[in-house]
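Below is one structure, written out as structure tokens; comments come after it.
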Amino acid sequence: MSDKQKKTIFSGVQPSGKLTLGNYLGAIRNFPILQEEYNCVYCVVDMHAITVRQDPPSLRRSTLEVLAQYIACGLDPEKSILFIQSHVPAHAELAWVLNCYTMFGEASRMTQFKDKSAKHTDNVNVGLFSYPVLMAADILLYQTDLVPVGVDQSQHIELTRDIANRFNGVYSDTFTIPEGYYPKAGEGAKVMSLSDPERKMSKSDENENGYILLMDQPEVIMRKFKRAVTDSEARIVMDPVGKPGVSNLLQIYALATGKTVAEAENEFAGKGYGEFKPAVGEAVVELLRPIRETTEDLLKNKDYLEKVYTEGAQKANYLARKTLDKVYRKVGFVAR
Ligand code: TRP
């Protein structure tokens with residue numbers, strides 16, 4: 001299929017630098033496959049990040065870390081566009097225009113805004129309020145068809161569609177109307193916390209034994225798996241309701257080794273947790289080893305990373321500019 005016929009996928013990733021095993025098994029693992037079938041655009045959203053206070057040197061480091069980890073997970077800069085949001089001015093420019101097509105009431109209803117403003121009471125800034133409008137600009141600039149995100153972002157995707165439809169309605173077709181692309185149930189996508197298996201694995205967990213980071217060293221991974229919460233019944237079978245901890249570990253083991261859950265159950269039949277938990281740990285160590293090592297190498301190779309994000313920004317800029325020019329013309333700005 002030529003690039004013209006392919007659909008476009010856009011995704012933004014926060015430069016927190018800390019991707020978890022849950023992010024990997026739930027989404028990132030599929031990115032290399034997606035890039036064969038779609039035009040993929042991946043953006044590290046440093047402009048979104050400053051809606052909450054950041055330490056500048058850490059933000060710079062984390063931005064590059066995320067980029068390096070994506071490449072290490074198999075995203076190919078020759079096939080996909082990888083870039084940093086602040087390098088493509090059209091994001092800020094379109095966001096301004098879209099601010100004028102977003103209603104105060106709509107933006108006030110965003111639950112992420114309500115949550116974040118409750119959490120950062122000393123810094124409820126206007127950027128936090130218009131965060132979803134910048135996100136809409138990110139998506140709409142690339143005439144995006146699909147946006148792979150977690151369900152927590154579905155309200156922002158709906159708002160993006162509303163803004164795009166409103167603009168198209170006033171000025172004739174300008175933007176492709178995007179759709180959210182959510183992980184399907186049953187794809188084994190959801191990885192739970194190791195310390196509280198009723199909750200999703202998340203890096204914002206206070207207990208760091210609950211999550212595995214892609215950059216965790218092998219001994220850290222082993223320690224976290226040895227401490228993983230199970231139950232008092234020494235049986236290694238899939239039963240997400242009765243045995244959430246064991247089921248989560250079985251699932252992780254199956255995903256990490258490429259075996260089915262049934263094969264994993266057979267392998268551990270009659271064995272105890274003392275043997276099971278380190279085996280899962282070792283499988284994850286081996287799964288993550290090449291990703292961590294490649295990321296470390298890439299981070300030492302600043303020239304290469306710079307080449308990737310510079311070329312990415314050039315390609316992104318070309319596409320984004322086309323949409324922005326159309327928008328500027330339609331709203332009545334004098335051509336420059
Ligand atoms: N808001 C998204 C999140 O917190 C990140 C994001 C910014 C994004 N712009 C985007 C995701 C555009 C998808 C498309 O995860």
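The values are calculated or read from the model by the stated rules, or taken from the named source; none is laboratory data. The structure presented is a predicted model; accordingly, all values stated were derived computationally and were not measured. Positions of Cβ are generated from backbone atoms using ideal geometry, with glycine treated the same way; all protein chains shown enter the neighbour counts. Ligands, DNA and RNA are stripped out before the accessible areas are found, and what is left, the full protein with its side chains, is counted by its heavy atoms. Shrake-Rupley method; radii C 1.70, N 1.55, O 1.52, S 1.80 Å.
Residues that are out of contact with any Asp or Glu (no Cβ under 8 Å at 6 or more places or on another chain), farther than 16 Å from THR20 by Cβ and crowded, with 18+ Cβ neighbours inside 10 Å within region 203-236 comprise just one, THR230. Can you work out which of the residues in region 108-126 that are closer than 30 Å to LYS322 by Cβ and within 13 Å of the ligand (Cβ to nearest atom) is most open to solvent (accessible area, probe 1.4 Å)? Out of the qualifying residues, it is GLN112. The set of residues in region 190-201 that are in a loop (DSSP other than H, G, I, E, B) and open to solvent by less than 40 Å² (accessible area, probe 1.4 Å) comprises VAL191, SER193, LEU194, SER195, PRO197, MET201.
The residues on offer are GLY26, GLY17, GLY74, and the sole one that is open to solvent by less than 40 Å² (accessible area, probe 1.4 Å), within 28 Å of ASN125 (Cα to Cα) and out of contact with any strand residue (DSSP E or B) (no Cβ under 7 Å at 6 or more places or on another chain) is GLY17.
Taken together, the residues in region 30-64 that are more than 16 Å from the ligand (Cβ to nearest atom), of a type in the set (D, E, K, R) and in contact (Cβ under 8 Å) with a residue 24 or more places away in the chain amount to 4. Given (1) open to solvent by 20 Å² or more (accessible area, probe 1.4 Å); (2) within 14 Å of the ligand (Cβ to nearest atom); (3) without any contact (Cβ under 8 Å) to a residue 60 or more places away in the chain; (4) within 17 Å of the chain's Cα centre (by Cα), where does ALA136 come up short, assuming only one miss? All conditions are met except number (1).
For SER62, the criteria (1) touching a Gly at 6+ places or on another chain (Cβ under 8 Å); (2) within 20 Å of SER204 (Cα to Cα); (3) surrounded by fewer than 19 Cβ atoms within 10 Å (Cβ to Cβ) hold in every case but one, which is (3). Can you tell me which residues in region 3-46 are polar (S, T, N, Q) and over 21 Å from GLU296 (Cα atoms)? Within region 3-46, GLN5, THR8, SER11, ASN30, GLN35, ASN39 meet the criteria.
Yes/no per residue for (1) more than 26 Å from LEU146 (Cβ to Cβ); (2) of a type outside the set (Asp, Glu); (3) assigned to a loop (DSSP other than H, G, I, E, B); (4) modelled with pLDDT of 95 or more:
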position: ASN165; (1), (2), (3), (4): no, yes, no, yes
position: PHE175; (1), (2), (3), (4): no, yes, yes, yes
position: MET215; (1), (2), (3), (4): yes, yes, yes, yes
position: ARG223; (1), (2), (3), (4): yes, yes, no, yes
position: ALA234; (1), (2), (3), (4): yes, yes, yes, no
position: PRO240; (1), (2), (3), (4): yes, yes, yes, no
position: LEU249; (1), (2), (3), (4): yes, yes, no, yes
position: ASN266; (1), (2), (3), (4): yes, yes, no, yes
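Condition check ((1) among the charged types (D, E, K, R); (2) open to solvent by less than 10 Å² (accessible area, probe 1.4 Å)) across all residues:
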position: TYR38; (1), (2): no, no
position: VAL44; (1), (2): no, yes
position: ASP55; (1), (2): yes, no
position: TYR70; (1), (2): no, no
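Of the helices (runs of 4 or more DSSP H) entirely within region 45-131, those holding at least 1 residues that are more than 18 Å from the chain's Cα centre (by Cα) occupy 56-72, 90-99, 104-108, 111-119.
Residues GLY22, GLY17: which one is away from the ligand (no atom under 13 Å from the Cβ), under 29 Å from ILE212 (Cα atoms), part of a loop (DSSP other than H, G, I, E, B) and at pLDDT below 95? Show your work before the answer.
Values: GLY22 fails: part of a loop (DSSP other than H, G, I, E, B).
Exactly one residue qualifies, and that residue is GLY17.
Filtered by the rule that a residue be of a type outside the set (D, E, K, R) and touching a residue at least 60 places away in the same chain (Cβ under 8 Å), region 7-16 gives THR8, ILE9, PHE10, SER11, GLY12, SER16.
Taking the criterion of being free of Cβ contacts under 8 Å to residues at least 12 places away in the same chain and away from the ligand (no atom under 14 Å from the Cβ), would at least one residue in region 65-77 satisfy it? Scanning region 65-77, I find no residue that is free of Cβ contacts under 8 Å to residues at least 12 places away in the same chain and away from the ligand (no atom under 14 Å from the Cβ), so the answer is no. When the residues of region 1-14 are filtered to those that are under 12 Å from the mean Cα position of the chain (by Cα) and in a strand (DSSP E or B), the one that is surrounded by the most Cβ atoms within 10 Å (Cβ to Cβ) is PHE10. Screening GLN155 on (1) within 11 Å of the ligand (Cβ to nearest atom); (2) more than 15 Å from VAL45 (Cβ to Cβ); (3) open to solvent by less than 30 Å² (accessible area, probe 1.4 Å) shows it passes everything except condition (3).
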